[in-house]
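Student: Here it is: the structure, laid out below.
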Amino acid sequence: MSLFLATSLHAQKVTVSSPTKPNDEGVTVKVNDNGENVSIAGSTGLSGTANKGDDLPKDMPAADKAKRIAKAINDAGDNTREDGTKRVTATASGADVSVAGSSGVTVKSIKVNSNTGEKSDKLKWSAANTMFTATVVGVPTLYDGCGDPSVFRIGTARGVVEIPLASSGTIQQTLVMAADGLAQYGISAWMPTSNSIAFVVDHDLDTAAHYGCSDFGLEQIFELAVIPGDDEADSDG
């Protein structure tokens, strides 16, 4: 599934694959609305909760998930101003979700809290270098929701590293191996914490950040953010 966030000058796009396990998923869009910083947080659960029955089902088509994410953003409480207008408007088309900022709104970042075991997702910003951070929490089971060996996947257009969880055993060692693998492609990644990895996404060389973790026991939190001081990305729409 793809999520496309836009202002009139630049855009962000998230591509998400089909869930391999049932769960709710959260999405947060951070914007600057005429000088005010606002976090627009929504849940893919139809009632806005993670209760059973609201989960994204295993093997849900990406297009159906796109509709859920568009609804999550549109329905988020902080997306509606006091005058009733929306800060951003999300629309789904096939596997893509387009999110357009209203006048004076600049999208600063998007964060996806994914607990659906997706294998191959992607985040992209259209007119700026950005910072990508992946945080992994939980206890690895070493298997995905289908009973197959689980993998952690990360990279860019320059190269993608895929680490079998069974070859590392721990989140920290998985990320250490991922950072070493990325270095072979000229991607300088570092670990801000023992369970997170980060790198700068060069708009021209990398085009996008690729990621995914299919382990049944792990949750992934992925964020792509505009780099402060990037004039092109910080411009209002």
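The values are calculated or read from the model by the stated rules, or taken from the named source; none is laboratory data. Being a predicted model, the structure only gives us computed values, none of them experimental. Because the Cβ atoms are built from the backbone with ideal geometry, glycine has one as well, and the counts that use them run over all protein chains shown. Keep in mind that these areas ignore ligands, DNA and RNA; they rest on the heavy atoms of the full protein, side chains included. Shrake-Rupley method; radii C 1.70, N 1.55, O 1.52, S 1.80 Å.
Student: Of everything in the stretch 131-151, what is in contact with a Ser or Thr (Cβ under 8 Å, 6 or more places away or on another chain) and part of a strand (DSSP E or B)? Give them in sequence order.
Tutor: The answer is Thr133, Ala134, Thr135, Val136, Tyr143, Val151.
Student: I'd like to verify a number: residues in the stretch 15-53 that are at pLDDT below 90, over 15 Å from the mean Cα position of the chain (by Cα) and part of a strand (DSSP E or B), how many?
Tutor: 1
Student: Right, Leu224: of a type outside the set (Phe, Trp, Tyr), on the phi < 0 side of the Ramachandran plot, buried (at least 18 other Cβ atoms within 10 Å of the Cβ) and touching a residue at least 40 places away in the same chain (Cβ under 8 Å) or not? Before the answer, list the steps.
Tutor: Working: of a type outside the set (Phe, Trp, Tyr): yes; on the phi < 0 side of the Ramachandran plot: yes; buried (at least 18 other Cβ atoms within 10 Å of the Cβ): yes; touching a residue at least 40 places away in the same chain (Cβ under 8 Å): yes.
Spelling it out, Leu224 is indeed of a type outside the set (Phe, Trp, Tyr), on the phi < 0 side of the Ramachandran plot, buried (at least 18 other Cβ atoms within 10 Å of the Cβ) and touching a residue at least 40 places away in the same chain (Cβ under 8 Å).
Student: Quick check on my filter: what residues within the stretch 147-194 are open to solvent by 70 Å² or more (accessible area, probe 1.4 Å), out of contact with any Asp or Glu (no Cβ under 9 Å at 6 or more places or on another chain) and closer than 19 Å to Thr15 by Cβ?
Tutor: Glu162
Student: When you go through Leu56, Leu123 one by one, which is the residue that is closer than 24 Å to Glu162 by Cβ and either touching a His at 6+ places or on another chain (Cβ under 6 Å) or at pLDDT 85 or above (or both)? Talk me through it step by step, then tell me what you get.
Tutor: Values: Leu123 fails: either touching a His at 6+ places or on another chain (Cβ under 6 Å) or at pLDDT 85 or above (or both).
Being closer than 24 Å to Glu162 by Cβ and either touching a His at 6+ places or on another chain (Cβ under 6 Å) or at pLDDT 85 or above (or both) holds for just one of Leu56, Leu123, which is Leu56.
Student: Of a type in the set (A, V, I, L, M) and either modelled with pLDDT of 90 or more or within 30 Å of Pro61 (Cβ to Cβ) (or both): is that true of Ala128 in this structure? It would help to see each step written out before you state the result.
Tutor: Details: of a type in the set (A, V, I, L, M): yes; either modelled with pLDDT of 90 or more or within 30 Å of Pro61 (Cβ to Cβ) (or both): no.
No.
Student: Where residues in the stretch 131-146 are farther than 28 Å from Val226 by Cβ and of a type in the set (Val, Ile, Thr), which of them is most open to solvent (accessible area, probe 1.4 Å)? It would help to see each step written out before you state the result.
Tutor: Step one: list which residues in the stretch 131-146 are farther than 28 Å from Val226 by Cβ, which gives 138-146.
Subset that is of a type in the set (Val, Ile, Thr): 139, 141.
Values: Val139: 111, Thr141: 61 Å².
Checking each candidate, the answer is Val139.
Student: I'd like to know if the stretch 143-153 contains one or more residues that are of a type outside the set (Ser, Thr, Tyr) and over 15 Å from Gly117 (Cβ atoms). Spell out the reasoning first.
Tutor: At the first step, the residues of the stretch 143-153 found to be of a type outside the set (Ser, Thr, Tyr) are 144-149, 151-153.
Now restrict to residues that are over 15 Å from Gly117 (Cβ atoms): none.
No, the stretch 143-153 contains no residue that is of a type outside the set (Ser, Thr, Tyr) and over 15 Å from Gly117 (Cβ atoms).
Student: If I ask for residues that are of a type in the set (Val, Ile, Thr) and at pLDDT 95 or above, which ones from the stretch 152-170 would you list? Can you show your working first?
Tutor: So in the stretch 152-170, the residues of a type in the set (Val, Ile, Thr) come out as 154, 156, 160-161, 163, 170.
Once the filter is applied, which keeps residues that are of a type in the set (Val, Ile, Thr) and at pLDDT 95 or above, the stretch 152-170 yields Ile154, Thr156, Val160, Val161, Ile163.
Student: Starting from the stretch 152-167, keep only residues that are touching a residue at least 40 places away in the same chain (Cβ under 8 Å) and in a strand (DSSP E or B), then list their pairs with residues that are open to solvent by 10 Å² or more (accessible area, probe 1.4 Å) and not aliphatic (A, V, I, L, M) whose Cβ atoms are within a distance under 6 Å, requiring at least 6 positions of separation or different chains.
Tutor: Correct list of pairs: Arg153/Glu162; Gly155/His210; Val160/His210.
Here is a yes/no grid of residues against (1) at pLDDT 95 or above; (2) over 17 Å from the mean Cα position of the chain (by Cα):
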residue	(1), (2)
Gln172	yes, yes
Met177	yes, yes
Asp180	yes, yes
Trp190	yes, yes
Asn195	yes, no
Tyr211	no, no
Glu219	no, no
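Student: Tell me which residues, restricted to the stretch 116-130, are outside any loop (DSSP other than H, G, I, E, B) and open to solvent by less than 50 Å² (accessible area, probe 1.4 Å). Write out each step before concluding.
Tutor: Keep residues of the stretch 116-130 that are outside any loop (DSSP other than H, G, I, E, B), which gives 121-125, 130.
Once the filter is applied, which keeps residues that are outside any loop (DSSP other than H, G, I, E, B) and open to solvent by less than 50 Å² (accessible area, probe 1.4 Å), the stretch 116-130 yields Asp121, Leu123, Trp125, Thr130.
Student: Would you confirm whether or not the stretch 91-113 contains a residue that is at pLDDT 90 or above, open to solvent by 50 Å² or more (accessible area, probe 1.4 Å), in a strand (DSSP E or B) and polar (S, T, N, Q)?
Tutor: No, the stretch 91-113 has no match at all.
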